[in-house]
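K.L.:
Please find one structure pasted underneath; my questions will follow.
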Amino acid sequence: MTSRERFRKIIRHETPDRLPYLFGGPRESTFGAWRKQGLTEEQEANWEEFIGQDGWAISIGKTDFGPLPPFEEKVLEEHGNIRIWIDSWGVKRMDAIHQSTTGFATRKYIEFPVKTPTDFEAMKARFDPQTPERLEPLEGENLQPSFNPDGYRITQETTCWRDRIELCNTSDRVVTLSVPGLYWTARDWAGFEGLSFMVYDQPNLVHEIMEYWTGFLMEMLDEPLSHIQVDQVTINEDMAYKTASMLSPAHMREFICPATNA
């Protein structure tokens with residue numbers, strides 16, 4: 001049974017030949033430590049085969065959910081190993097210039113671009129779902145220099161979905177699509193603290209943001225999903241710590257549920 005057949009059996013509440021073997025991907029610093037302990041280049045290059053993992057997912061191609069055009073990166077100040085700068089999402093932040101551990105970037109967010117309805121209108125201008133570059137790779141776009149230490153929130157895929165239709169629809173692997181969720185996106189625009197205040201002080205604005213993002217995702221993905229059979233859609237919502245959620249259940253029902261039922 002292929003990875004895709006096994007996955008489909010499970011989500012249909014049927015019985016596969018066995019459970020999938022999926023272990024996640026080690027970070028570069030982890031591989032670095034293992035290489036010192038005896039991991040060979042061949043074993044690392046053939047990681048799935050080496051650990052006995054099932055052939056895992058493939059994507060539909062480039063899906064850029066970020067601001068287009070991106071904000072201009074701008075360094076505001078540097079001292080010691082600290083850089084304070086504006087990133088491609090318009091966020092003022094502080095990073096270590098030289099990261100101590102590959103794959104574990106440290107950052108501190110200082111100020112976010114969306115605080116008022118006027119700010120949101122300006123941000124919407126950078127989030128047109130019909131912008132061609134969201135789905136169509138541009139030559140050399142991943143080669144642009146950036147101060148971003150780990151590429152977080154920077155699109156890496158270099159293939160258009162139109163060139164992956166046959167591959168995705170006939171693959172033995174699970175076809176996946178990962179999208180930023182409603183809270184995730186609102187927090188990227190307004191910040192954790194800013195959004196936490198906003199649900200009380202500007203609830204209408206939060207509703208507008210959630211409704212806009214729902215429509216954005218539906219419009220942006222309508223054409224590729226009418227051609228490609230996707231097995232798994234992950235809605236990313238990084239919205240909880242170890243002990244509590246960043247958004248209460250009541251606010252979840254007030255803001256997110258109505259938008260997802262649109």
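K.L.:
Of the residues W34, W56, which is open to solvent by 50 Å² or more (accessible area, probe 1.4 Å), touching a helix residue (DSSP H, G or I) at 6+ places or on another chain (Cβ under 9 Å), under 30 Å from R162 (Cβ atoms) and of a type outside the set (K, R)?
P.N.:
Working: W34 fails: under 30 Å from R162 (Cβ atoms).
Residue meeting the stated conditions: W56.
K.L.:
What residue, of E41, E121, is open to solvent by 70 Å² or more (accessible area, probe 1.4 Å), over 30 Å from V233 (Cβ atoms) and free of Cβ contacts under 8 Å to residues at least 24 places away in the same chain? Walk me through it before giving the result.
P.N.:
On the way: E121 fails: over 30 Å from V233 (Cβ atoms).
Step by step, each of E41, E121 is checked, and only E41 is open to solvent by 70 Å² or more (accessible area, probe 1.4 Å), over 30 Å from V233 (Cβ atoms) and free of Cβ contacts under 8 Å to residues at least 24 places away in the same chain.
K.L.:
Only one residue in A186, A190, A240 is under 18 Å from the mean Cα position of the chain (by Cα) and either at pLDDT below 90 or among the aromatic types (F, W, Y) (or both). Which one?
P.N.:
On the way: A186 fails: either at pLDDT below 90 or among the aromatic types (F, W, Y) (or both); A190 fails: either at pLDDT below 90 or among the aromatic types (F, W, Y) (or both).
Exactly one of A186, A190, A240 is under 18 Å from the mean Cα position of the chain (by Cα) and either at pLDDT below 90 or among the aromatic types (F, W, Y) (or both), namely A240.
K.L.:
Another one. Among the residues of the stretch 212-247 satisfying the criterion of being assigned to a strand (DSSP E or B) and either free of Cβ contacts under 8 Å to residues at least 24 places away in the same chain or acidic (D, E) (or both), which is nearest to S171 (Cα to Cα)?
P.N.:
Here the residue is A240.
K.L.:
Also: Take the residues in the stretch 159-202 that are in contact with a strand residue (DSSP E or B) (Cβ under 6 Å, 6 or more places away or on another chain) and part of a helix (DSSP H, G or I), then tell me which one is farthest from G61 (Cα to Cα).
P.N.:
Looking at the filtered set, the residue picked out is W184.
K.L.:
Considering only the stretch 5-59, how many residues are among the aromatic types (F, W, Y) and not in a helix (DSSP H, G or I)?
P.N.:
Taking the stretch 5-59 first, the residues among the aromatic types (F, W, Y) are 7, 21, 23, 31, 34, 47, 50, 56.
Still in the running and not in a helix (DSSP H, G or I): 21, 23, 56.
Counting residues in the stretch 5-59 that are among the aromatic types (F, W, Y) and not in a helix (DSSP H, G or I) gives 3.
K.L.:
Identify the residue in the stretch 186-244 that is among the hydrophobic types (A, V, I, L, M, F, W, C), in contact with a Leu (Cβ under 7 Å, 6 or more places away or on another chain) and open to solvent by less than 10 Å² (accessible area, probe 1.4 Å) and, among all such residues, is farthest from F65 (Cα to Cα). It would help to see each step written out before you state the result.
P.N.:
First, pick out the residues of the stretch 186-244 that are among the hydrophobic types (A, V, I, L, M, F, W, C): 186, 189-190, 192, 195, 197-199, 205-206, 209-210, 213, 216-218, 220-221, 225, 228, 230, 233, 235, 239-240, 244.
Going one step further and asking which of them are in contact with a Leu (Cβ under 7 Å, 6 or more places away or on another chain), we end up with 186, 198, 210, 213, 230, 233, 239.
With open to solvent by less than 10 Å² (accessible area, probe 1.4 Å) added as a condition, the list becomes 186, 198, 210, 213.
Details: A186: 13, M198: 23, M210: 15, W213: 10 Å.
Per the criteria, the residue is M198.
K.L.:
Scan the stretch 89-118 for residues that are open to solvent by less than 60 Å² (accessible area, probe 1.4 Å) and among the β-branched types (V, I, T) and report the count.
P.N.:
Count: 5.
K.L.:
May I pose another question? Of the residues S248, S178, only one is of a type in the set (S, T, Y), surrounded by fewer than 17 Cβ atoms within 10 Å (Cβ to Cβ) and under 30 Å from I97 (Cβ atoms); which? Steps first, answer last, please.
P.N.:
On the way: S248 fails: under 30 Å from I97 (Cβ atoms).
Checking each option against the conditions leaves just S178.
K.L.:
A further question on this structure: Can you tell me how many residues within the stretch 160-175 are surrounded by fewer than 20 Cβ atoms within 10 Å (Cβ to Cβ) and in contact with a His (Cβ under 9 Å, 6 or more places away or on another chain)?
P.N.:
Taking the stretch 160-175 as the starting set, the residues that turn out to be surrounded by fewer than 20 Cβ atoms within 10 Å (Cβ to Cβ) are 160, 162-163, 165-167, 169-173.
Subset that is in contact with a His (Cβ under 9 Å, 6 or more places away or on another chain): 162, 165, 169.
Residues that pass the stated criteria total 3.
K.L.:
If the Cβ limit is 6 Å and pairs must be 6+ apart or interchain, which residue in the stretch 8-28 that is more than 17 Å from D231 (Cα to Cα) pairs with which residue that is of a type in the set (V, I, T)?
P.N.:
Final answer for the pair search is E28/T102.
K.L.:
Considering only residues that are open to solvent by less than 70 Å² (accessible area, probe 1.4 Å) and touching an Asp or Glu at 6+ places or on another chain (Cβ under 9 Å), which ones fall in the stretch 10-21?
P.N.:
In the first step, residues of the stretch 10-21 are kept if they are open to solvent by less than 70 Å² (accessible area, probe 1.4 Å); the result is 10, 16, 20.
Correct list: P16, P20.
The values are calculated or read from the model by the stated rules, or taken from the named source; none is laboratory data. No experiment lies behind these values; they were computed from the predicted model shown. In this analysis, Cβ positions are derived from the backbone assuming ideal geometry, glycine residues included, and neighbour counts consider all displayed protein chains. Ligands, DNA and RNA are excluded from the accessible area calculation, which covers all protein heavy atoms including side chains. Shrake-Rupley method; radii C 1.70, N 1.55, O 1.52, S 1.80 Å.
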